Amino acid sequence: MFIRGELRLANARIDGREELIEKLKGKVALNQSPTDAELILYAYEAWGEDCVKHLIGDFAFAIWDNRSQRLFCARDHFGVKPFFYSCAGNDFIFSDNLNELRRDARVSDALDEIAIGDYLVFGLNQDLSSTTFKDIRRLPPGHSLTFREGSMTIRRYWTPAVPNEVHFRDRHSYVERFLELLSQAVDDRLRTDRVSVSMSGGLDSTSVAVLACECLGSSRVQACTVVYDHLIPDEERQYSKAAAEHLGIPISYVVADRCSLFDEQVAGDMDQPEPFLLSPLTAQFHNLLRLCAAHGPVALTGFDGDAFMTEPFSSYFRSSAKSLKLNDLATATSWYVWTQRALPPIGFRTRIKRMLRKERSDSFFPDWIDKSFAKRTNLDARVKESANDRVHAVERRPAALQFLKSKVWAPLFEGYDSGATKLDLELRHPFMDLRLVEYLLAIPAVPWCVNKHILRVAMKDRLPAAVLNRPKTPLAGNPALQLARHASVRWLDSFEVNPQLRDFVDLNLRRSIADEQTPDGLWASLRVFALNYWLTNSQPIDRRITANKNRDSVLWKTSIA
């Protein structure tokens, strides 16, 4: 992996290749069929550190520039590909796998207490540049890093924002352009002769399956679905089966009723780099991915069309009213009444009152958090800061922007990464395509991004009517809450306590799992068990790599004197 004068490392899939190659022509001497890694190098040669402004796709890479004696690194816009690093003296050590980085003898097992506090309260780090370990940092999504002569600079190259509004003369053009971009996003993520789709009975994942079939043919697409037959009311089997039969593709099911909380059905599923990756529904999650991996090395998801195509009419009303766009508001209201046969769910008087005062949101704070721990990590202030972290309502797409700026994306994607799943499987997410996201943010929210109107129009005649017209509904029950009420989960309260856990949790104040009646309380209490399990089973790691050992293809590493 080490080339004299230039260190070239990339875990990358570069999309929009043809467009990028056209932009590069005349700037650099291109190979006839450049690889994705070569395209990154060409982009760096053409634009230097601004190359990231010309790249789209999922990537984490590092380039050693021998001329300027600097290392340049970057991570993709949404954080699909991980990037971890550590500084040890003059050495800068980096990897796309946290556990591999921990193998270096210079990286300690010391925990980052702020990250632990964030996990116990929020379920994930509020600081996207930190990890559970003091010595290991992560490069946040949409950021680049330059390391030179022992000095490091991190800068943000992309910030989620609503672009200038796009208008077409006719309604058909909106749908045509949307379908073109979504088809391109699916096609760019295939690059394989067969693919599986994590396909529920919802509109997003079934639409991805439609376009995968159009690209590859139905015989090369496999659907995989998690269903509940008894534990909770669930219609995913019915709708996913209807979609699969309509498309002529085989479908396999993970029957989640047969799984218990923290059910490690295959050894190693619970062995995770960080505690937030320990899901109480681990068996359902990993069994689904194993089904996908059995079909091939690439799987597609429908994550997360909801974020960009379900702008609540109420938020659109607030932003239009604050911006005094009364024409737009009147047109949108008329469309809603005409198509939905009902008044929009605005609550005019209530909304106007809320516009006249600053809304306050209180976050859940477990009473079993150790008080001294909370004080030394300033955890209470972090909770209040998170509660006030809201997108200003004057934005055209406040709900979509709130989703886009959320801290859940990168941790979620890291859970799908092979470093966590340990599978020869790459999960790819067509709706998380920069071109598509920016388009959906630019077009008028009403009518196109209310109740996924644009997707429903685009998929007309491509999906069965039952799926096409299915309203967006969450699970009718909480599977974890139902499982927690079973007597068989008492072991979640009587586990052997790791001594480190007492530094963070006052176990005398923790209620039994069965006594937790709210989703917030249940999930927080389950995180206590997960953290204890992780503390017991994940440290210390076997350190087989030292500064004097050879580099390997898993651990990306360079020493700069």
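When Leu427, Leu509 are checked against the criterion of being of a type outside the set (S, T, N, Q), touching a residue at least 60 places away in the same chain (Cβ under 8 Å) and exposed (fewer than 13 other Cβ atoms within 10 Å of the Cβ), Leu509 stands alone in meeting it. Counting the residues of segment 530-545 that are under 17 Å from Trp491 (Cβ atoms) and either modelled with pLDDT under 65 or more than 26 Å from the chain's Cα centre (by Cα) (or both) gives 1.
Within segment 260-270, the residues that satisfy the criterion of being touching a residue at least 24 places away in the same chain (Cβ under 8 Å) and open to solvent by 40 Å² or more (accessible area, probe 1.4 Å) are Ser260, Val266. Note on segment 32-68: among residues that are of a type in the set (A, V, I, L, M, F, W, C) and open to solvent by 10 Å² or more (accessible area, probe 1.4 Å), the one that is nearest to Phe431 (Cα to Cα) is Ile56.
Asp433 meets the conditions (1) closer than 30 Å to Glu165 by Cα; (2) open to solvent by 20 Å² or more (accessible area, probe 1.4 Å) in every case but one. The failed one is (2). For segment 59-96, the set of residues classified as over 18 Å from Ala37 (Cβ atoms) and of a type in the set (S, T, N, Q) consists of Ser68, Gln69, Ser86, Asn90, listed by residue number.
Evaluated against (1) of a type in the set (Gly, Ala, Ser); (2) assigned to a loop (DSSP other than H, G, I, E, B); (3) open to solvent by 20 Å² or more (accessible area, probe 1.4 Å), Gly79 falls short on exactly one condition, (3). Looking at (1) open to solvent by less than 10 Å² (accessible area, probe 1.4 Å); (2) touching a Pro at 6+ places or on another chain (Cβ under 9 Å); (3) among the aliphatic types (A, V, I, L, M), can you tell me which one Ala399 breaks? Failing condition for Ala399: (1). The residues of segment 242-259 that are modelled with pLDDT of 90 or more, open to solvent by 20 Å² or more (accessible area, probe 1.4 Å) and more than 25 Å from the chain's Cα centre (by Cα), listed by number, are Ala242, Glu245, His246, Leu247, Gly248, Pro250. Any residue in segment 148-171 that is among the polar types (S, T, N, Q), modelled with pLDDT of 95 or more and open to solvent by less than 60 Å² (accessible area, probe 1.4 Å)? For segment 148-171, residues among the polar types (S, T, N, Q), modelled with pLDDT of 95 or more and open to solvent by less than 60 Å² (accessible area, probe 1.4 Å): absent. Arg462 fails exactly one of the following numbered conditions: (1) modelled with pLDDT of 90 or more; (2) open to solvent by less than 20 Å² (accessible area, probe 1.4 Å). What is the number of that condition? Failing condition for Arg462: (2). Scanning segment 136-195 for residues that are in contact with a Phe, Trp or Tyr (Cβ under 6 Å, 6 or more places away or on another chain) and closer than 30 Å to Gln69 by Cβ turns up Ile136, Arg137, Arg138, Leu139, Pro141, Gly142, Ser144, Thr146, Phe147. Among all residues of segment 103-123, there is at least one that is open to solvent by less than 40 Å² (accessible area, probe 1.4 Å), within 16 Å of Gly419 (Cβ to Cβ) and not β-branched (Val, Ile, Thr). Screening Pro273 against (1) at pLDDT 50 or above; (2) farther than 29 Å from Glu438 by Cβ; (3) open to solvent by 50 Å² or more (accessible area, probe 1.4 Å) leaves a single unmet condition, (3). Taken over segment 176-198, the criterion of being in contact (Cβ under 8 Å) with a residue 24 or more places away in the chain and either polar (S, T, N, Q) or open to solvent by 50 Å² or more (accessible area, probe 1.4 Å) (or both) is satisfied by Arg177, Ser183, Gln184, Asp187, Arg191, Thr192, Asp193, Arg194, Ser196, Ser198. If you take the residues of segment 213-226 that are outside any helix (DSSP H, G or I) and touching a Leu at 6+ places or on another chain (Cβ under 7 Å), which of them is surrounded by the most Cβ atoms within 10 Å (Cβ to Cβ)? The residue in question is Cys224. Note on segment 9-43: residues that are in a loop (DSSP other than H, G, I, E, B) and β-branched (Val, Ile, Thr) total 1.
Filtered by the rule that a residue be aliphatic (A, V, I, L, M) and farther than 26 Å from Leu41 by Cβ, segment 63-97 gives a lone residue, Ala88. Considering (1) assigned to a loop (DSSP other than H, G, I, E, B); (2) buried (at least 20 other Cβ atoms within 10 Å of the Cβ); (3) in contact with a strand residue (DSSP E or B) (Cβ under 8 Å, 6 or more places away or on another chain), the lone condition that Phe72 does not fulfil carries the number (1).
Across segment 356-396, the number of residues qualifying as open to solvent by less than 30 Å² (accessible area, probe 1.4 Å) and at pLDDT 85 or above comes to 8.
The values are calculated or read from the model by the stated rules, or taken from the named source; none is laboratory data. Keep in mind that what you see is a predicted model, and the values were worked out from it rather than measured. Here Cβ is always computed from backbone atoms with ideal geometry, including for glycine, and neighbour counts include all displayed protein chains. With ligands, DNA and RNA removed, areas are computed over all heavy atoms of the protein, side chains included. Shrake-Rupley method; radii C 1.70, N 1.55, O 1.52, S 1.80 Å.
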